[in-house]
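Structure first, then comments.
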Amino acid sequence: MMTKILLFLGAIIVIIIIKACTTGDQQMNDTSRPPAGKKLTSLKDNDKIILVENISHENIKKALTMYCNAYNKNDYVAQPRLYTINANEFVVVFPYDVDFQTFCFAVNFLKYPTGITPTPTVRAWTTTRAGDEWITEKSLNKKVMLFLAVDDKEYDNVFLTTQDNIGYKLGFAMGQEKQLLATPKENYILPSITLCDLANKKFEDFE
């Protein structure tokens, strides 16, 4: 009986692994895009920045390719730019800007890229603006830090801490988008790298 149970559990694990690999392959290969004339071409000032650590150059390129494949099917929603800091530390910015919701999706996507292990460390920063999805009066017009909590087991949200340490859980499911926390999951810290630090450095663009 125990042998059958172990075989059954083993089969389930194999199916999950195969499904994850297949999904990753589909995301890598699905390169459909709108006409090139719809690409974002006007640079827009913004301070959105994502720091990704503990990932290889090959794997972050795969993750950004899958992200663009997922979000740029009908319109060019996001055109991220990648800077290499060292062999396993990278910075992602959005020179043409991106809406706050899609920025949050990028943070989650880079934390849990399909078929890529080990899980990288991801933390992001921006300043919120009027009209941003999921932003309330307590987080409006503030510098915020976005991240995935170490004890998070849902995988479909991000956590936000404002510069004055007000915390939110931003869930992607309907009705879970902006949950005020009694205490933030992490206190706000300044980014270790700023946009000014990236001036004149080589970069790779994704679309």
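The values are calculated or read from the model by the stated rules, or taken from the named source; none is laboratory data. Computed from a predicted model, the values in this text were never measured in an experiment. Glycine also receives a Cβ, built like all others from the backbone with ideal geometry; neighbour counts cover every protein chain displayed.
Assuming Lys178 fulfils every condition listed in (1) closer than 17 Å to Glu133 by Cβ; (2) more than 18 Å from the chain's Cα centre (by Cα); (3) touching a residue at least 24 places away in the same chain (Cβ under 8 Å) apart from one, which condition is it?
Answer for Lys178: the failing condition is (2).
With the requirement that a residue be surrounded by 14 or more Cβ atoms within 10 Å (Cβ to Cβ) and of a type in the set (Lys, Arg), what does the range 40-72 give you?
Scanning the range 40-72 gives Lys48, Lys61, Lys62.
Just for the range 51-88: of the residues that are among the β-branched types (Val, Ile, Thr) and under 28 Å from Lys169 (Cβ atoms), which one is modelled with the lowest pLDDT? Explain how you work it out, then say what you get.
Pass one, the range 51-88, residues among the β-branched types (Val, Ile, Thr): 52, 55, 60, 65, 77, 84-85.
Subsequent filtering for residues that are under 28 Å from Lys169 (Cβ atoms) retains 52, 55, 60, 77.
On the way: Val52: 98, Ile55: 98, Ile60: 98, Val77: 95.
Filtering the range 51-88 for residues that are among the β-branched types (Val, Ile, Thr) and under 28 Å from Lys169 (Cβ atoms), the one modelled with the lowest pLDDT comes out as Val77.
Output the residues belonging to the range 94-138 that are closer than 10 Å to Val52 by Cα, outside any loop (DSSP other than H, G, I, E, B) and not small (Gly, Ala, Ser). Break it down into steps so the answer makes sense when it comes.
Step one: of the range 94-138, the residues closer than 10 Å to Val52 by Cα are 107, 110-111, 120-124.
Right, trim to outside any loop (DSSP other than H, G, I, E, B) and you get 107, 110-111, 121-124.
Listed by number, the residues that qualify are Val107, Leu110, Lys111, Thr121, Val122, Arg123.
Please go through the range 60-115 and give me each residue that is free of Cβ contacts under 8 Å to residues at least 24 places away in the same chain and among the charged types (D, E, K, R), ordered by number. It would help to see each step written out before you state the result.
Here is the first cut: in the range 60-115, the residues free of Cβ contacts under 8 Å to residues at least 24 places away in the same chain are 86.
Scanning the range 60-115 gives no hits.
Which of the residues spanning the range 4-39 are exposed (fewer than 14 other Cβ atoms within 10 Å of the Cβ), of a type in the set (S, T, N, Q) and modelled with pLDDT of 50 or more?
Scanning the range 4-39 gives Gln26, Asn29, Thr31, Ser32.
Residues that are at pLDDT 95 or above and of a type in the set (D, E, K, R): does the range 140-157 have at least one?
For the range 140-157, residues at pLDDT 95 or above and of a type in the set (D, E, K, R): present.
May I ask you to verify whether Val91 is in a strand (DSSP E or B), modelled with pLDDT of 95 or more and either closer than 25 Å to Ser42 by Cα or more than 17 Å from the chain's Cα centre (by Cα) (or both)? Write out each step before concluding.
Numbers: in a strand (DSSP E or B): yes; modelled with pLDDT of 95 or more: yes; either closer than 25 Å to Ser42 by Cα or more than 17 Å from the chain's Cα centre (by Cα) (or both): yes.
Judged against the criteria, Val91 is a match.
Would you confirm whether or not the range 129-152 contains a residue that is touching a helix residue (DSSP H, G or I) at 6+ places or on another chain (Cβ under 7 Å) and without any contact (Cβ under 8 Å) to a residue 40 or more places away in the chain?
yes
Taking Tyr155, is it among the hydroxyl-bearing types (Ser, Thr, Tyr) and not in a loop (DSSP other than H, G, I, E, B)?
Numbers: among the hydroxyl-bearing types (Ser, Thr, Tyr): yes; not in a loop (DSSP other than H, G, I, E, B): no.
Here the answer is no, as Tyr155 does not meet what is asked.
Are there any pairs with C-beta distances below 6 angstrom linking a residue in the range 184-203 that is free of Cβ contacts under 8 Å to residues at least 40 places away in the same chain to a residue that is surrounded by 12 or more Cβ atoms within 10 Å (Cβ to Cβ) and among the hydrophobic types (A, V, I, L, M, F, W, C), with the two at least 6 apart or on different chains, and if so which?
Matching pairs, first to second residue: Lys185/Ala149; Lys185/Phe159.
Restricting the search to the range 124-141, which residues are over 17 Å from the mean Cα position of the chain (by Cα), closer than 20 Å to Asn46 by Cα and surrounded by fewer than 16 Cβ atoms within 10 Å (Cβ to Cβ)?
Arg129, Ala130, Gly131, Thr136, Leu140, Asn141
Taking Val107 as the residue in question, decide whether it is within 16 Å of Pro191 (Cα to Cα) and under 12 Å from the mean Cα position of the chain (by Cα).
Numbers: within 16 Å of Pro191 (Cα to Cα): yes; under 12 Å from the mean Cα position of the chain (by Cα): yes.
Answer is yes for this residue.
For residues that are crowded, with 19+ Cβ neighbours inside 10 Å, under 11 Å from the mean Cα position of the chain (by Cα) and farther than 21 Å from Ile189 by Cα, tally how many sit in the range 110-123.
1
If you check Leu170, Leu160, which single one turns out to be outside any loop (DSSP other than H, G, I, E, B), touching a Lys or Arg at 6+ places or on another chain (Cβ under 7 Å) and either modelled with pLDDT of 95 or more or more than 28 Å from Leu82 (Cβ to Cβ) (or both)?
Numbers: Leu160 fails: touching a Lys or Arg at 6+ places or on another chain (Cβ under 7 Å).
When all the criteria are applied, what remains is Leu170.
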